[in-house]
Amino acid sequence: MHFTQNLEDEQFRQEVRAFIQANLPTDLAERNHRGYHPLREDIRQWTKILNRHGLSGGNWPKQWGGTGWSPVRQFIFDEECLFAGAPPVDTAGFKMIGPVIMTFGSEAMKAEYGPRILNGDVYWGQGFSEPNAGSDLGSLSTRAVCDGDEYVINGRKIWTSFVETAEMIFVLVKTDPEARQRGISMMLVDREAPGVTIRPIHDIGESHSLNEVFFDDVRIPASNLVGEEGKGWTYAKFLLENERAFSAEWPRNNANLARLRTFLNVEQADGQRLIDRAGFAPRLAQLETDLLALRWLSLRALHEKAGGQSRLPMGSLLKIRGSELLQKIGDLQVEALGCYASYVYPDPLANAAVEKAWAPGPDYAPGIMADYFYRRATTIYGGANEVQRTIIARSFLEL
Amino acid sequence: MQADHAEDLASIREQARRLLVDQATPEHLKNLLNAPGSFDQALWRHAVEQGWPSVAMPEQVGGLALGWSGLAVICEELGRLTGALPLIANALTAHAVISAGISGHQQLLEDLTSGALTAALALADPSDSGICSPGAAKESNGRIDGVKALAAFAAVADVALVHGVNERGDGLYLVHLDQPSVKRQVLEGFDNARAAAALQFEQTEAVYLGGAELVSEISSLAALATAFEQLGGTHACLDMACDYARERRAFGQAIGGFQGIKHKLAEIYCLLEIARGCAADALDAWQQQRPDKQQLTCAARIAATRAYNLAAQENLHVHGGMGVTWEAMPHHYYRRARSLALELGSVAYWRERLLTDLGLESTTVEVGGSA
């Protein structure tokens with residue numbers, strides 16, 4: 001395997017750093033270092049900056065407005081951006097529906113959405129899960145019926161992240177209720193179309209992101225069907241495999257562990273560093289090892305994907321390792337906070353009143369605690385880890 | 001345990017369970033979680049009517065003298081429904097005052113027994129990384145200065161047992177919280193339903209009750225009673241997860257049929273039974289005043305914390321997306337598991353303490369590592 005980084009890639013990393021230094025606004029970086037959900041406006045601003053330099057498309061092929069970078073370079077780019085405090089670009093658009101449209105969509109669909117995604121002008125919500133079809137996505141029951149040159153959609157989607165500020169939703173619907181997976185199609189729905197109702201779900205974290213979406217006789221043009229009718233399941237698997245590849249979240253794991261490492265080395269009020277206390281060092285070492293292993297696993301998966309060598313679902317491996325590592329880093333972060341881990345620190349940018357009522361504690365505490373609850377969802381979303389392990393057993397081990 | 005006690009305990013358990021199921025409705029619990037410093041006044045009134053604060057108290061102050069096993073029974077039932085009452089703090093404050101053998105506190109003891117007054121245990125320091133070391137509250141000439149970390153019930157309590165230091169070393173102090181020199185800081189926490197507050201003292205009157213030995217006894221007994229609360233919570237999480245696994249269907253069957261789920265639940269059951277054994281052993285050791293009572297308490301604390309942490313986390317996971325919603329109940333237990341694990345010192349602290357009690361020293365013990 002030849003996926004070790006070479007000198008040109010390291011040179012590329014230096015160029016990326018220089019680019020970020022020159023172009024990433026400091027206030028934006030400061031906000032994103034805090035550990036809260038990035039603000040929509042910050043994502044938009046950064047996406048536009050990237051797009052002006054022709055960089056927002058990242059790993060999209062050149063003819064679709066991408067950079068033509070190798071997957072390894074894309075990885076380096078994402079790693080450096082997040083580490084520097086840039087908000088990640090809209091995952092749903094860039095990494096999920098974008099590649100699906102570019103691979104399976106009509107020329108008209110590519111022309112309509114490609115440039116808008118690249119410029120941060122359209123955000124997407126993912127309408128896959130339903131109350132009775134989560135990890136078992138094949139059981140979905142939202143229905144679309146063809147009526148002349150339109151489809152009429154009825155049903156209900158759940159766990160639709162950030163849809164309240166999205167322009168578009170991509171949904172999986174049944175076009176043939178008799179067939180199971182072959183009866184599924186993928187469609188694009190305008191969030192403001194009549195009959196679309198969004199109900200926020202109050203979650204256990206400190207900031208709102210989850211929603212339910214109701215479709216009540218929603219009419220969309222037939223041209224909003226992605227690819228062909230009945231192929232939705234194929235497109236969804238393509239998309240989910242992409243989602244899982246990114247749900248290793250190496251850049252986020254990397255940034256979180258770097259913050260923890262720094263915090264453990266800071267002298268506390270009692271003059272001691274936590275890293276000198278019993279037990280912190282061995283656990284940090286274990287996390288560092290896991291992080292490095294995840295890095296190589298991610299690079300190897302990208303390398304094999306680029307070379308077309310592997311048709312195996314590496315994404316499932318990455319998803320399991322990445323999501324569980326995020327939780328483990330979170331657990332040690334919270335332990336390191338000791339008594340300050342009794343408090344929560346709501347995002348003052350979301351509610352100006354809260355900063356005054358913030359608990360005392362190190363600057364390190366606020367983002368950690370705000371994210372701690374939300375992180376419990378990482379082993380659930382994108383297909384529960386149990387399902388990923390079943391996929392691994394089936395695909396790699398033929399069990 | 002005497003036979004008549006066993007009957008008393010069974011009837012207390014039955015009564016507690018009925019009352020709690022009635023009172024601790026999801027809506028009620030969610031209201032409490034919503035606001036920082038919430039204290040369940042309604043439940044406390046019922047508890048006082050039923051005589052719960054008196055269960056472990058000796059007869060000479062009006063108690064039922066059912067010992068720590070009486071307290072354990074109620075704590076376990078409270079834990080099952082994430083109820084929060086200062087029963088442990090009241091019992092241990094009385095115990096510490098009686099142990100100190102100082103006079104003039106008969107009225108206080110009777111009020112703690114009847115529930116007319118409430119107490120808080122302020123043992124941890126804010127600088128602690130889950131490890132207890134009392135540097136932040138200092139006493140001299142009967143006055144105490146400094147701060148204590150977020151302590152359960154400190155937002156409402158009348159008195160507190162405070163772990164501080166004086167020139168001779170560790171000390172346990174009785175502090176009346178209605179003095180103007182006491183500041184209580186109530187802030188948004190992740191478990192708002194425990195009436196928690198951080199305490200700040202400035203030349204506050206404090207009564208010395210004892211030294212390191214008493215501190216150690218009080219924190220052990222608190223850990224012992226809390227272990228039963230943790231057991232109740234663990235059991236409730238396991239029941240809830242099993243119910244959901246039987247009812248929720250995916251891929252054409254109940255998810256409890258999948259090994260990925262059922263092995264997880266079996267693992268929780270194992271940790272629960274280990275924790276139950278440790279807690280029962282430790283309780284017995286205290287009742288018999290056996291010399292290994294401190295060590296067994298450390299084991300009970302560690303086992304109960306591990307079991308509740310895992311059960312609360314995996315119950316939430318088994319509930320899938322529902323598990324991370326405010327509406328569902330798993331997060332109540334997740335929050336409570338975390339606050340009970342934090343309040344009396346982390347697993348790392350109790351491991352160190354166990355090793356010290358065993359006459360061993362360690363510098364490489366794992367911190368946490370609860371899974």
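We did not get these values from a lab; they are worked out from the coordinates using the rules stated. Bear in mind that the values here come from a model prediction, so they are computed numbers and not experimental data. Because the Cβ atoms are built from the backbone with ideal geometry, glycine has one as well, and the counts that use them run over all protein chains shown.
From other protein chains only, count the Cβ atoms within 10 Å of every residue's Cβ in A:340-350, then give the mean. Could you put the intermediate results ahead of the total?
On the way: counts 7, 10, 17, 8, 8, 2, 1, 0, 0, 0, 0.
Mean partner-chain Cβ count within 10 Å for A:340-350: 5.
Using all C-alpha to C-alpha distances in segment B:214-357, build P(r) with 10 Å bins and read off the rounded percent in each one.
Taking every Cα pair in segment B:214-357, the percentages come to 13, 39, 28, 15, 5, 1.
How would you rank B:19-27, B:309-317, B:158-166, highest first, on the average number of other Cβ atoms within 10 Å across their residues?
Going by the mean number of other Cβ atoms within 10 Å, highest first, we get B:309-317, B:158-166, B:19-27.
Exposed loop sites here are GluC sites (Glu not before Pro) in DSSP loop states with at most 11 other C-beta atoms within 10 Å. What is the longest stretch of chain A lacking them? Write down the numbers at each step before the final one.
On the way: sites that count: A:Glu178, A:Glu192, A:Glu398.
The segment A:193-397 is the longest one with no such site.
Convex hull over the Cα atoms of segment B:241-281, averaged projected area in nm²? Spell out each step's value before the answer.
Working: hull surface 11.4 nm².
For the Cα atoms of segment B:241-281, the hull's average projected area reads 2.8 nm².
Can you give the translational diffusion coefficient of segment B:119-211 in µm²/s, computed by Stokes-Einstein from the Kirkwood radius over Cα pairs at 10 °C and 1.306 mPa s?
124 µm²/s
Give the separation of the Cα centroids, segment B:140-204 to segment A:112-182, in Å.
55 Å
How about segment B:162-203: which GluC sites (Glu not before Pro) there lie in a loop by DSSP and see at most 11 other Cβ atoms within 10 Å?
Passing both the DSSP loop test and the Cβ count: B:Glu167.
Which one of B:Asp357, B:Asp125, B:Asp281 has the biggest mean-square fluctuation once chain B is modelled by GNM with Cα springs under 10 Å?
Sorting by GNM fluctuation, first place goes to B:Asp357.
Please report the relative contact order for segment B:228-274, taking Cα pairs under 8 Å with a sequence separation of at least 6, and give it as a percent rounded to a whole number. Please list the in-between numbers first.
Working: 25 pairs, mean separation 16.3, N = 47.
Computed over segment B:228-274, the figure is 35 percent.
Rounded, prolate or oblate: which one fits chain B, using the alpha carbon gyration tensor with axes a ≥ b ≥ c (rounded when a/c is under 1.5, else prolate when a/b beats b/c, else oblate)?
On the way: a/c = 1.56, a/b = 1.47, b/c = 1.05.
Judged from the Cα gyration tensor, chain B comes out prolate (a/c at least 1.5, a/b above b/c).
Provide a whole-number value for the mean count of partner chain Cβ atoms within 10 Å of the Cβ atoms in peptide B:260-271.
Rounded to a whole number, the mean comes out at 1.
Divide by every residue of the protein assembly as shown the summed helix terms, -39500 (n - 2.57) for each DSSP H run of at least 4, and state the resulting mean residue ellipticity at 222 nm, rounded to the nearest 500 deg cm²/dmol.
Result for the protein assembly as shown: -16000 deg cm²/dmol, rounded to the nearest 500.
Report, by chain and number, residues whose modeled amide H sits under 5 Å from the one on A:Tyr345, excluding near sequence neighbours (fewer than 5 apart, same chain).
Counting only residues 5 or more places away or on other chains, the set is A:Ala370.
Peptide B:321-329: average number of partner chain Cβ atoms within 10 Å per residue?
The shielding value for this peptide is 6.
With springs only between Cα atoms under 10 Å apart, run a GNM on chain A and tell me which of A:Pro221, A:Pro346, A:Pro88 wobbles the most.
Judging by the Gaussian network model, the answer is A:Pro221.
At 4 °C and 1.567 mPa s, what whole-number value in µm²/s does Stokes-Einstein give for the translational diffusion of the protein assembly as shown, with Rh from the Kirkwood sum over Cα pairs?
46 µm²/s
Springs between alpha-carbon pairs under 10 angstrom, Gaussian network model over chain B: which of B:Arg336, B:Arg18, B:Arg194 fluctuates most?
B:Arg18
Would you be so kind as to identify which of B:Asn315, B:Ala300, B:Ile255 lies farthest towards the positive end of the dipole of segment B:248-343, taking Lys and Arg as +1 and Asp and Glu as -1 on Cβ and the Cα centre as origin?
Selected residue: B:Ile255.
Could you work out the Kirkwood radius for chain A, taking every pair of different alpha carbons, averaging 1/r and inverting it, reported in Å?
Mean inverse Cα-Cα distance, inverted, gives 22.3 Å.
Shape of segment B:6-114 from its Cα gyration tensor (a ≥ b ≥ c, root eigenvalues): rounded if a/c is under 1.5, otherwise prolate when a/b > b/c, or oblate?
oblate
Mean separation of Cα pairs under 8 Å and 6+ residues apart, divided by the residue count of chain A: what relative contact order is that in percent?
Reported as a whole number, the value is 14 percent.
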